[in-house]
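Visitor: Provided herewith is a single structure, encoded as structure tokens, for subsequent inquiry.
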Amino acid sequence: MSSLPVDRTETAPHPFRGRRALHAWVADLAALTQPERVVWCDGSSAEQDRLLKRMVADGVLVKLNPEWRPNSYLARSDPDDVARVEDRTFICSEDEADAGPTNHWRDPAVMRGELRERFDGAMRGRTMYVLPFSMGPVGGAISQVGVQVTDSPYVVVSTAIMTRMGDAALGEIGDTAEWVPAVHSVGAPLAGPDGGAVPDVPWPSNAVKIIAHFPETREIWSYGSGYGGNALLAKKCFALRIASVMARDEGWLAEHMLLVRVTSPAGRAYHLAAAFPSACGKTNFAMLQPTLPGWRVETLGDDIAWLRPGPDGRLWAMNPEAGFFGVAPGTSEATNPAAMATMWGNTIFTNVALREDGDVWWEGMTPTPPAHLIDWRGEPWTPASGRPAAHPNARFTSPADQCPVLADDWDAHDGVPLDAIVFGGRRTSNVPLVSEAADWVDGVFTGATIASEQTAAAEGPVGALRFDPFAMLPFCGYDMADHWQHWLDIGERLGAKAPRIFRVNWFRRDADGRFLWPGFGDNIRVLDWIVARLEDEADAVPTPIGLLPYRHDLDLDGLGLPDDDVRELLTVDATGWRRECDQIAAFFARFGDRVPGSLARRLTRLRWQLGEYA
Ligand code: GTP
Ligand code: SPV
Ligand code: MN
């Protein structure tokens, strides 16, 4: 059974250990992909400068006006390569059942055969870069090392921002240390099999895309895309899909969560990790600028957190990344001033619009759009054009240490002890503004049943409601139901020292589609209640779906929210929830008997209680 811990010393010797294996692997890949040259990246700023200059000269990047945006660049992707491709993302476990019903599975032997064919000569005429990187501080107790090979210089300069990349990470490998191999090609060789030249384009990619993961051997192979999570393999492929499998086997958790420290006016500090699906507000929450006086939120991470039970019996959390790959549209001085400050310079923008003065723009950045822009496809644009100037999944890539509200200890080797875990999603109806889970099992049930409207972060129907358990639907490297059991097991281990679990929803709308909750900096009012609960200073209303705030315990001063809206935000609609339970039951049914019994029983109990609920 897959959820049993694997003693990795017992299994066949891991082939991806130490420097000698690394050199052999690189040599094999070079023989297979036939690049013109192989370059080992040291991660220095001189190397980064050299690459950026060459990419500008080659027309791969546009240099932005340094007066506004020093050392910053714009990349325009191929219009068919703009987001993660979930349909083309595969978990290639030996046993199909281990991938679970929500992942696309491929037989590992068949996939290896297909990859061999695709990668054969795939880098002809290009440079193969070798990128050693550390997830987490180099040498940190819970850090991991990986090595990505790529033929995309855009991936090199992005990985240099997003991870601790270069010589220090390479030094960690030494004679014996394990490293995760990650192979990437955009799948656009500059020479045909007959040797004939093929002209290059600014954003090479292939119509065929394959993002493959081999959980047993901890390998990643990605072909055909140069964008985001498809190509920056340290991020979703390693730090979530492969790391979630390592975490299952070793007793920790790799999660799609932001990480913050919240300090109350009384000076008491709490650490929160929060899981929200893609483009549902993690970066905004991570850099929240409180509108209530005396509160402080410091950023530790905005997308991924690794959680481990510590020697003190508490759950400790660490952000394995070193940069932000944040959604640009909707980000402004009003919604996220810290993010705006973070991208002051040293930033790579992808698929945003270009202003006439050489700076960037996207929908929502300013209330009034500029009169003339070059849109994300490189075409002239005016407000009358009738199409967005920036792609909805346009992103900025900035170093974390440029964030003005970054916590001083964000790269502490041991991470921080967690006080609370928050689950959220984009829900127009049903899910109240905030509630607390009655206990750990209820909390796991809450995480397992997150549903959210799909966003532009992945290709597919934007707005469609889908279950996204733990915000990990596209990122769990094994059966999602086993992931729930793993959470239950961790909770048993933590016992009374487990963090408390909450659910929030900033996205309730009225019949006219207007948001009922102001959101952004005003979300501190919800954190205020969460902290009051942690301090045992607020009572809560028990309901079938969790503990809800009393209205008088929520600080809504100065918001001018109509009473009806507040009531709507804080009531449980039993009819709506009975319907939701039917959907949860159908979703659970997909996992068959792998659904933990305690979660199935919670659903039964919830339905019964909703039947009784007025
Ligand atoms: P990934 O990087 O894709 O994992 O996503 P993320 O969760 O970090 O996404 P991000 O924070 O960039 O989400 C951005 C979107 O959420 C934008 O459309 C924001 O306008 C919206 N958003 C964030 N916070 C709030 C809020 O409090 N209220 C409302 N209504 N929208 C919000
Ligand atoms: C997400 O989609 O959750 C992201 C962006 O954080 S990407 O790295 O492209 O997956
Ligand atoms: Mn994400």
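None of the figures in this text is laboratory data; all of them are computed from the coordinates on show. Just so it is clear, the model here is predicted, and its values are computed rather than measured. Glycine also receives a Cβ, built like all others from the backbone with ideal geometry; neighbour counts cover every protein chain displayed.
Visitor: About its Cα centre, what dipole magnitude does segment 261-397 give when the only charges are +1 on Lys and Arg Cβ and -1 on Asp and Glu Cβ, stated in debye to the nearest 20?
Guide: Computed about the Cα centre, the dipole is about 520 debye.
Visitor: Remind me, relative contact order of segment 55-193 in percent, using alpha carbon pairs under 8 angstrom and six or more residues apart?
Guide: Rounded, it is 19 percent for segment 55-193.
Visitor: Return one number: the angle in degrees, 0 to 90 and rounded to the nearest 10, between the long axis of the Cα atoms of helix 597-612 and the longest principal axis of the Cα atoms of the chain.
Guide: The helix 597-612 is inclined about 40 degrees to the chain.
Visitor: Let me ask you something else. For segment 320-457, build the charge dipole from Cβ charges (+1 Lys, Arg; -1 Asp, Glu) around the Cα centre, then report which of Gly447, Pro369, Leu433 sits farthest towards its positive end.
Guide: In segment 320-457, that residue is Pro369.
Visitor: So how do 32-44, 556-568 stack up, highest first, on mean other-Cβ count within 10 Å?
Guide: In descending order of packing, they fall as 32-44, 556-568.
Visitor: Select from Leu288, Val360, Val110 the residue farthest towards the positive end of the dipole of the chain; place +1 on Cβ of Lys and Arg, -1 on Cβ of Asp and Glu, and compute about the Cα centre.
Guide: In the chain, that residue is Val110.
Visitor: So what's the gap between the Cα centers of segment 521-592 and segment 267-309, to the nearest angstrom?
Guide: 19
Visitor: For segment 323-402, give the magnitude of the charge dipole about the Cα centre (Cβ charges: +1 Lys/Arg, -1 Asp/Glu; no others), in debye to the nearest 20.
Guide: With Lys and Arg at +1 and Asp and Glu at -1, about 220 debye.
Visitor: How far is helix 574-589 tilted off the main Cα axis of the chain, in degrees rounded to 10, range 0 to 90?
Guide: Result, in degrees: 40.
Visitor: Pairing the Cα long axis of helix 108-119 with the longest principal axis of the chain, what angle in degrees results, from 0 to 90 and rounded to the nearest 10?
Guide: 50
Visitor: Give me the net charge for the shell around Ser72: Cβ to Cβ below 12 angstrom, other residues only, Lys and Arg +1, Asp and Glu -1.
Guide: Within the 12 Å Cβ shell, the charges total 0.
Visitor: For the chain, report the translational diffusion coefficient in µm²/s to the nearest whole number, using Stokes-Einstein at 37 °C, 0.692 mPa s, and a Kirkwood Rh over Cα pairs.
Guide: 132
Visitor: Counting each DSSP H run of 4 or more residues in the chain as -39500 (n - 2.57), what helix-only mean residue ellipticity at 222 nm follows after dividing by all residues, to the nearest 500 deg cm²/dmol?
Guide: Calculated mean residue ellipticity at 222 nm is -7500 deg cm²/dmol.
Visitor: Quick one: which of 307-315, 385-393, 344-352, 224-232 comes out on top by average Cβ neighbours within 10 Å, and what's the full order, highest first?
Guide: Listed from highest to lowest mean packing, they are 224-232, 344-352, 385-393, 307-315.
Visitor: Quick check on packing: order 119-125, 445-451, 486-492 by the mean number of other C-beta atoms within 10 Å, highest mean leading.
Guide: Result, highest mean first: 445-451, 119-125, 486-492.
Visitor: Could I ask something else about it? For Val39, what residues show an amide H to amide H distance below 5 Å, using hydrogens built from the backbone and excluding near sequence neighbours?
Guide: The answer is Met128, Tyr129, Val130.
Visitor: Also, quick follow-up: Using modelled backbone amide H atoms (1.01 Å from N, in-plane), which distant-in-sequence or interchain residues come within less than 5 Å of Phe502's amide H?
Guide: Correct list: Ile421, Val422, Phe423, Ala437.
Visitor: Whole-Hz Karplus ³J(HN,Hα) for segment 129-139, in order, using 6.51 cos²θ - 1.76 cosθ + 1.60 and θ = phi - 60°, x for Gly and Pro?
Guide: 9, 10, 10, x, 8, 10, 9, x, x, 4, x
Visitor: Then there is this: What is the order of Ser398, Ser45, Ser205, fewest Cβ neighbours within 10 Å to most?
Guide: Result, fewest neighbours first: Ser45, Ser205, Ser398.
Visitor: Can you tell me the mean projection area, over all orientations, of the convex hull of segment 322-390's alpha carbons? Units nm², please.
Guide: 4.8
Visitor: Which of the residue pairs Lys63/Lys209; Lys209/Lys235; Lys236/Lys282; Lys235/Lys282 have a Cα-Cα distance greater than 25 Å in the structure shown?
Guide: Lys63/Lys209
Visitor: Something else: What ranking do Ser598, Ser72 get, fewest neighbouring Cβ atoms within 10 angstrom at the top?
Guide: Ser598, Ser72
Visitor: Using the Karplus curve 6.51 cos²θ - 1.76 cosθ + 1.60 with θ = phi - 60°, what ³J(HN,Hα) values do you get for each residue of segment 467-483, in whole Hz, with x for Gly and Pro?
Guide: Taking θ as phi minus 60°, the curve returns 5, 9, x, 6, 6, 10, 3, x, 10, 8, x, 8, 4, 4, 5, 5, 4 Hz for segment 467-483.
Visitor: Moving to a separate point now. Under unit Cβ charges (Lys, Arg +1; Asp, Glu -1), what dipole magnitude, rounded to 20 debye, does the chain have relative to its Cα centre?
Guide: Charge dipole, the chain, about its Cα centre: 540 debye, nearest 20.
Visitor: Find how much the distance from Ser429 to Val201 grows on full extension, using 0.36 nm per residue of separation minus their present alpha carbon separation; answer in nm with one decimal.
Guide: 77.6 nm
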